[in-house]
Structures are given as C-alpha cells and as structure tokens.
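Below is one structure, written out as structure tokens; comments come after it.
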Amino acid sequence: MPCALALMFHGIDGPRARAAGYAADPHYSIEAGRFAALLDALVASGHRVGAARDLLDMDDGLPQVWITFDDGDASNLEEALPLLAARGLKADFFINPARVGRPGFLDWAGVRRLAAAGMSLQSHGQTHTYFTHLTPAALREELRVSKAQIEQATGVPVSLLAPPGGRVPRGLVPLARTLGYRAVLGSCPGMVRSEAPAGEQPLPRVAVIRHHTVGEVMRWATGGQPALRHLRWRYRVLESAKTLLGDARYERWRARALGSGA
Ligand SMILES: [Zn+2]
C-alpha cells in the first residue's frame, strides 16, 4: 500500500455547472479556480496525483494524492473533467446508478464520457441509502447491482467502493471483497498507509469542502498524519453525534448548524 492522502470532493462550483444546474450541497462544493490551483500545487510539490484505481498498486516511494469524487454530481463532468484533462490527471468518480440521469446528476452519456477520458468510475452504492440502514441481503444487492450497472455502461471493471455518508456496517470490507471489489474508501480522515492493517477497515479519506484553502490541503499532503489530527478529532465528535441523535435528527441539526436551512 503506498503512502497516500485520499481527497474526497463532491461538486465543483463554476459557471458551466451553474448553467447546467448541479445537485451538490454548496457546503461541500469547492470553487473551480481553487480546485485547479490545488491540482497545480500538488503536482508542483512532487506528489503523484491521480485515481486510487491506478495508484493503489504503485509504490515507487513518491508520496501520492488520490483525487476522488462522491455522488456523481453534474459538475464532475462540466467542471472537473476539463481541469483534470488539461493537466493529464485522472480521478475516481463514485456514483449511484439509481441517481444517474436525475436533475443535477450525471447522466449515462456523461458517465461514459468520463470513462472514455480514462477516468475511474466506481460504486457509491446503488441508491445512496446508508449501508447501516440496510438488511444484509439488501446491502449485498446494492454492492452487486451498482458494480454490474457501472461496468455495463463503461465496459471497465469496477474495483472500488465508497459507502454513502461514510457509514460502515460491520463486515463491509470482507463482503465487498467477496463481491469483487479490491478496496473500500471511507470518510475517516487519515493517511492511507498509516492505517495498519488495511484489512478490515475502509481506507481513510479527507473531505475537501468550500472553506478549505489550497494551503490547508497542502499542509495535509506534506504533513501527513499529524497534520490531520484535528480533522480526525472533529470526525470522531461528529460520529458520536450521529450515533446519539440518529441519522435523521443529526442531518437536521447539521443543517441548522450550517445555517443552510436545508
Ligand atoms: Zn454520497
């Protein structure tokens, strides 16, 4: 396993995506110019930047940064693809087949365009239902059907899974492996190689949201696990709040706390 920082994006906020209409929560969307500046800074600092699919098995000693997107927002195609392609970079896009084609989300033509550009199309579950809310049989179906539908659309094997909302039921990683996934990427902040053993836990990822600056993300990339300590602490506090309040009450509390009224 290489030493990697896995970054998690959602929407990219820019003029093309706004014209097309996009679905991502603005709190989780970063501005297109900032995304471009971040890619440039990561490459300039000597990191190997790309898709987890392509870099997972490459351990040549260079520090890696994986660029991943969750939810299949329309802006992934309109804004992220041109910025990645202009730099010769690849990324992983974790999508939900049941949401493909809905307003604000990628449609299948868009999914195929991403795949044709060499991007990595991966599973975020079939419906975006939190995996902790599913019966074992329904969970298995989410993993199996989403993988099959994405592979059918793109003609490329799906090897990665990212659970919606970072909710990880017991036994998810071994189940994903038996269904043909190579790795599960979660939402707990951390550096990939520092999490030992990788076996039963999802690989860590760090969410990049609107207020994060290029400088902050660069500090995570160069500072490793110690630079992520406050994010891990914050994540654990929020996880406890989810457990205490339950998912529905937690979402209402979060919306109020952010002042979005959503
Ligand atoms: Zn999601």
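Only the coordinates and a few stated rules stand behind these numbers; no lab work does. Computed from a predicted structure; not experimentally measured. Positions of Cβ are backbone-derived with ideal geometry, glycine not excepted, and every protein chain shown enters the neighbour counts.
Given the rule -39500 (n - 2.57) for each run of at least 4 DSSP H residues, summed and divided by the residues of the chain, what is its mean residue ellipticity at 222 nm, to the nearest 500 deg cm²/dmol? Intermediate results must be reported in sequence, preceding the final value.
Working: 10 runs with 107 residues, N = 262.
The helix-only estimate for the chain comes to -12500 deg cm²/dmol at 222 nm.
Run the quick spin-label model on Arg102 and Ser45: label points 7 Å from Cα toward the beta carbon, then report their separation in nm to one decimal.
With each label placed 7 Å out from Cα toward Cβ, I get 3.5 nm.
How big is the dipole moment of region 4-227 about its Cα centre under a simple scheme where the beta carbon of each Lys and Arg is +1, that of each Asp and Glu is -1, and everything else is neutral? Debye, nearest 20, please.
Dipole size: approximately 240 debye.
Hey, can you rank 5-17, 133-145 by average C-beta count inside 10 Å, highest first? Don't jump to the answer; show the numbers that get you there.
Values: 5-17: 22.7, 133-145: 15.4.
Packing proxy ranking, top to bottom: 5-17, 133-145.
How much length is gained if the chain between Glu200 and Arg254 is pulled fully straight, taking 0.36 nm per residue apart and subtracting their Cα-Cα distance, in nm to one decimal? Please report the intermediate quantities before stating the final value.
Numbers: separation 54, 0.36 × 54 = 19.44 nm, distance 2.92 nm.
Full extension of this stretch gives 16.5 nm more.
Of all chymotrypsin sites (Phe, Trp or Tyr not before Pro) in region 34-76, which ones are in loop regions per DSSP and have a Cβ with at most 12 other Cβ atoms within 10 Å?
Hits after loop and neighbour filter: nothing returned.
Sorted by packing (mean other beta-carbon atoms within 10 Å per residue), highest first, where do 40-46, 199-205 land?
On the way: 40-46: 14.6, 199-205: 18.7.
The most tightly packed comes first, giving 199-205, 40-46.
For region 4-227, what mean projected area does the convex hull of the alpha carbons give, in nm²?
The Cα convex hull of region 4-227, projected and averaged over all directions, gives 11.2 nm².
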